[in-house]
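A short worksheet on the structure shown next.
The values are calculated or read from the model by the stated rules, or taken from the named source; none is laboratory data. Worth saying up front: this structure is predicted, and the values here are computed from it rather than measured. Don't worry about glycine lacking a Cβ; one is built from the backbone with ideal geometry, like all the others, and counts go over all protein chains shown. Areas reflect the complete protein model, heavy atoms only, side chains present, ligands, DNA and RNA absent. Shrake-Rupley method; radii C 1.70, N 1.55, O 1.52, S 1.80 Å.
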Amino acid sequence: MEHSIPLDILSSLQKLFVGYIPAAILGGFIGYLISLNNPIYQLSKRIFQIPHSIPPIALLPISLILFPDSEVASVMVIFIGTLWTMILNTAIGMGHFYRQNKSFRAAIFHTFHALKVSIWVAWFTVIAIEMLIGPKGLGLLAWDAYKAGSINYLIQAIIYIGVIGCLLDQFLDFSTYLLVQMVSGSKKSS
């Protein structure tokens with residue numbers, strides 16, 4: 001097994017952010033627009049539930065046909081899988097915002113909840129794609145360790161995957177906390 005763990009980590013994070021960030025921005029915007037009108041929200045929620053119900057990894061073969069470059073195909077699967085999750089969770093969250101008398105604390109909480117759920121989907125998808133098609137990353141490290149029978153590398157890869165997932169989650173929790181404190185502080189001073 002020839003792996004450079006720092007390069008594998010960087011490769012996994014690169015795929016994650018290149019697919020996740022545009023999906024989070026676009027999905028958040030679409031989710032917000034959908035939430036503005038209840039009949040459109042009710043209709044869209046049912047329509048978007050269909051693609052949202054497809055596991056992102058199931059889209060990999062189609063993505064590989066459309067984009068023969070495995071890196072581009074991987075990013076597209078991460079983007080699409082994250083997009084539906086972000087749209088639905090943002091629309092649901094903004095619905096709570098309007099029902100709770102336009103509470104900015106509720107809006108922040110629900111928006112960051114949508115970001116958290118979306119990053120979980122994106123991270124799981126990154127690892128699964130790397131296990132299937134590589135060419136590098138933590139998912140491939142775990143899979144290669146399994147095939148080589150190297151329990152030490154396998155456990156190490158799983159620990160890295162878990163720690164990075166936890167750090168991403170904690171970063172979003174901390175960001176939520178800071179924004180809620182800023183909104184609460186500005187309301188007290190006015």
For the range 101-118, what are the residues that are of a type in the set (S, T, N, Q) and free of Cβ contacts under 8 Å to residues at least 40 places away in the same chain? Asn101, Ser103
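Evaluate the following for Ser53: is it at pLDDT 85 or above and buried (at least 19 other Cβ atoms within 10 Å of the Cβ)? Break it down stepwise before answering.
Working: at pLDDT 85 or above: yes; buried (at least 19 other Cβ atoms within 10 Å of the Cβ): no.
Taking the combined requirement at face value, the residue does not satisfy it.
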Of the residues in the range 1-17, those that are at pLDDT below 90 and charged (D, E, K, R) come to Glu2
Pick from the range 163-190 the residues that are among the hydroxyl-bearing types (Ser, Thr, Tyr) and in a helix (DSSP H, G or I): which of them is modelled with the highest pLDDT? Ser175
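Pick out the one residue from Leu59, Leu10 that is part of a helix (DSSP H, G or I) and closer than 24 Å to Gly162 by Cβ.
Values: Leu59 fails: closer than 24 Å to Gly162 by Cβ.
Sole residue among the options that is part of a helix (DSSP H, G or I) and closer than 24 Å to Gly162 by Cβ: Leu10.
Filter the range 64-80 down to the residues that are open to solvent by 10 Å² or more (accessible area, probe 1.4 Å) and either within 16 Å of the chain's Cα centre (by Cα) or of a type in the set (Val, Ile, Thr) (or both) and list them by number.
So the first thing to find is which residues in the range 64-80 are open to solvent by 10 Å² or more (accessible area, probe 1.4 Å), and the list is 64-72, 75-76, 79-80.
Within the range 64-80, Ile65, Val72, Val75, Met76, Phe79, Ile80 qualify.
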Assigned to a helix (DSSP H, G or I), touching a residue at least 12 places away in the same chain (Cβ under 8 Å), of a type outside the set (A, V, I, L, M, F, W, C) and within 30 Å of Ile30 (Cβ to Cβ) - does that describe any residue in the range 125-135? yes
Check Leu167, Leu172, Leu138, Leu178 and return the single one that is open to solvent by less than 20 Å² (accessible area, probe 1.4 Å) and more than 30 Å from Pro68 (Cα to Cα). Leu172
Condition check: surrounded by 23 or more Cβ atoms within 10 Å (Cβ to Cβ), at negative phi and among the β-branched types (Val, Ile, Thr). Does Ile129 satisfy that? yes
